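Worksheet for the structure shown next.
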Amino acid sequence: MDRDRCLALDAEDPLRAFRDEFVLPEGVVYLVGNSLGAPPRRAAERVRQAVEDEWGTHLVGGWNESGWYAQPLTVGDRLAPLIGAGPGQVVVGNTTSIAVYQAVSAAVGLRPDRRVIVLDRSNFPTDNYMVASLPGYEVRDFSEGRFDDAAVVLLSEVDYRTGARYDVPEITARVQAAGALMVWDVCHSVGAMQVDVSAADFAVGCTYKYLNGGPGAPAFLYVNPRHQAEARNVLPGWYSHAEPFAFQTGFSPAEGIRRFTVSTPHVLSFAALEAALDVWERVPMDQIRAKSIALTSLFVDLVGDRLELASPRDPLRRGSQVSFYHPDGYPVMRALIDRGVHGDFRAPDILRFGFAPLYTRYVDVFDAATILDEVLEKELWRDEKYAQRLAVT
Ligand SMILES: *Cc1c(COP(=O)(O)O)cnc(C)c1O
């Protein structure tokens with residue numbers, strides 16, 4: 001595969017026009033869309049509109065006039081198709097960590113006779129910290145494969161470090177057959193492939209990674225309709241109340257998905273997220289997955305045996321990222337970033353490259369592999385200036 005062939009692949013890419021809908025600095029190969037997606041070109045205008053045309057025009061009336069009050073539900077309905085859900089099944093707000101806490105708390109509440117929570121020790125740590133904060137539960141690793149006494153199983157569809165992907169329908173069915181509830185975290189799969197959590201009991205995810213909702217964009221929580229009447233929201237705020245504006249002294253939960261909202265939505269963050277969803281509504285997800293597989297496979301091939309692959313070699317068993325082990329991963333990544341190739345480093349020894357199919361080109365993959373090769377071949381990462389750790393890696 002040479003550079004010209006990559007340019008030809010870009011020219012015939014059915015998704016090529018979407019790149020123009022994003023702001024990407026010149027001279028940068030951005031392979032961190034799995035951590036913070038690039039800004040949709042329309043995001044700035046949408047946020048300006050929210051500030052000037054909505055806030056500046058209606059002031060407090062914006063809660064009614066501009067639909068702010070309903071945002072957690074209306075944006076939830078817009079997002080639902082991306083995870084295989086329907087209207088009235090998804091709320092948007094808060095953060096993924098909070099949504100994990102809500103989902104797992106609600107799920108264990110539905111299995112009061114069971115005291116075991118099954119998870120991956122390698123889950124994104126915040127998910128497991130949230131579980132560990134629930135008093136009175138034994139935590140078991142998923143690799144033990146035993147669910148018959150488990151209340152809940154919490155897993156990420158795609159592993160944030162290695163990109164390994166679980167078989168969602170198969171595991172969901174196995175967990176539920178054992179009488180446990182299934183909670184999926186789809187942070188690293190939503191926007192990278194068609195996700196379908198419709199059989200799961202609960203699901204959570206964030207909107208600032210592949211979905212491009214912007215830094216600090218709100219998270220989402222899916223609650224299967226079969227649980228909505230019975231499940232409890234562990235963080236009942238005034239938005240979760242049946243009548244928020246009755247200001248009653250006692251709490252009675254709203255019907256339906258609104259029960260799982262907590263309180264005031266982050267209106268300006270929602271505005272940027274809506275600009276991203278305006279794009280997603282036009283994206284054919286089968287093409288996203290096909291391109292993701294092509295990009296990641298190309299990168300694996302180009303890097304070859306220069307580095308040890310940490311991701312599954314079978315593209316069907318990974319998400320849209322490729323990770324490699326390197327004992328000096330941190331300075332290697334800093335040297336790459338210095339040369340315009342932006343990936344990230346995950347402790348202790350992982351170089352991570354995410355390929356957001358909406359705006360990543362084949363030629364980007366080629367250039368990234370070429371520069372990586374040079375950094376390794378000439379040991380450019382040994383320069384002392386790359387050794388010092390920044391606060392965010
Ligand atoms: C990115 C990510 C999070 C982030 O949680 P926040 O509460 O939004 O900071 C949580 N879980 C997983 C699996 C993630 O990939």
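The values are calculated or read from the model by the stated rules, or taken from the named source; none is laboratory data. These numbers were taken from a predicted model, which means no experiment stands behind them. Note: ideal-geometry Cβ built from the backbone for every residue, glycine included; neighbour counts use all protein chains shown.
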**Prompt:** So which of Val279, Val322, Val300 is among the hydrophobic types (A, V, I, L, M, F, W, C), in contact with a Lys or Arg (Cβ under 9 Å, 6 or more places away or on another chain) and without any contact (Cβ under 8 Å) to a residue 24 or more places away in the chain?
**Reply:** Val300
**Asked** From the residues in the range 148-168 that are away from the ligand (no atom under 11 Å from the Cβ) and assigned to a loop (DSSP other than H, G, I, E, B), which one is surrounded by the fewest Cβ atoms within 10 Å (Cβ to Cβ)?
**Response** Asp148
**Item:** For Thr207: the one exception among (1) surrounded by 15 or more Cβ atoms within 10 Å (Cβ to Cβ); (2) out of contact with any Pro (no Cβ under 9 Å at 6 or more places or on another chain); (3) farther than 21 Å from Leu110 by Cβ
**Value:** (2)
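Has the range 11-30 got any residue that is among the small types (Gly, Ala, Ser), away from the ligand (no atom under 16 Å from the Cβ) and without any contact (Cβ under 8 Å) to a residue 24 or more places away in the chain?
Within the range 11-30, the first condition is being among the small types (Gly, Ala, Ser), and the residues that meet it are 11, 17, 27.
Next, from what is left, pick out any that are away from the ligand (no atom under 16 Å from the Cβ): 11, 17, 27.
Cutting the leftovers down to without any contact (Cβ under 8 Å) to a residue 24 or more places away in the chain gives us 11, 17.
Yes.
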**Residues of the range 41-83 satisfying the condition of being surrounded by 15 or more Cβ atoms within 10 Å (Cβ to Cβ) and among the aliphatic types (A, V, I, L, M)** = Ala43, Val47, Ala50, Ala70, Leu73, Val75, Leu79, Ala80, Leu82, Ile83
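Quick check on my filter: what residues within the range 201-220 are away from the ligand (no atom under 12 Å from the Cβ) and assigned to a strand (DSSP E or B)? Step through it out loud before you land on a result.
Within the range 201-220, the subset away from the ligand (no atom under 12 Å from the Cβ) is 201-202, 212, 214.
Phe202 - this is the single residue of the range 201-220 that is away from the ligand (no atom under 12 Å from the Cβ) and assigned to a strand (DSSP E or B).
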**Single residue of the range 181-200 satisfying the filter (more than 10 Å from the ligand (Cβ to nearest atom) and among the polar types (S, T, N, Q)) that is surrounded by the most Cβ atoms within 10 Å (Cβ to Cβ)** = Ser198
**Fill in**
Filtering the range 221-246 down to residues that are hydroxyl-bearing (Ser, Thr, Tyr) and within 16 Å of the ligand (Cβ to nearest atom) yields Tyr222
**Fill in**
Screening Val363, Val322, Val267 for residues that are of a type in the set (A, V, I, L, M) and in the same structural domain as Gln89 (by TED's automatic domain parsing) leaves only Val267
**Asked** Quick one: Asp364 ticks every box in (1) in contact with a helix residue (DSSP H, G or I) (Cβ under 6 Å, 6 or more places away or on another chain); (2) crowded, with 22+ Cβ neighbours inside 10 Å; (3) of a type in the set (Asp, Glu) bar one, so which box is it?
**Response** (1)
**Item:** Check on Arg121, within 16 Å of the ligand (Cβ to nearest atom) and assigned to a loop (DSSP other than H, G, I, E, B)
**Value:** yes
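Residue under question is Glu12, and the condition is that it be out of contact with any helix residue (DSSP H, G or I) (no Cβ under 6 Å at 6 or more places or on another chain) and either over 23 Å from Thr207 (Cα atoms) or among the acidic types (Asp, Glu) (or both); does it hold?
Numbers: out of contact with any helix residue (DSSP H, G or I) (no Cβ under 6 Å at 6 or more places or on another chain): yes; either over 23 Å from Thr207 (Cα atoms) or among the acidic types (Asp, Glu) (or both): yes.
Yes: the conditions hold for Glu12.
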**Fill in**
Of (1) more than 29 Å from Ala38 (Cα to Cα); (2) within 25 Å of the chain's Cα centre (by Cα), Glu255 fails just (2)
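With the requirement that a residue be part of a loop (DSSP other than H, G, I, E, B) and touching a helix residue (DSSP H, G or I) at 6+ places or on another chain (Cβ under 8 Å), what does the range 221-235 give you? Lay out the reasoning, then the answer.
Let us first name the residues in the range 221-235 that are part of a loop (DSSP other than H, G, I, E, B), namely 224, 228-235.
If the condition is that a residue be part of a loop (DSSP other than H, G, I, E, B) and touching a helix residue (DSSP H, G or I) at 6+ places or on another chain (Cβ under 8 Å), then Gln228, Ala231, Arg232, Asn233, Val234, Leu235 are the ones that fit.
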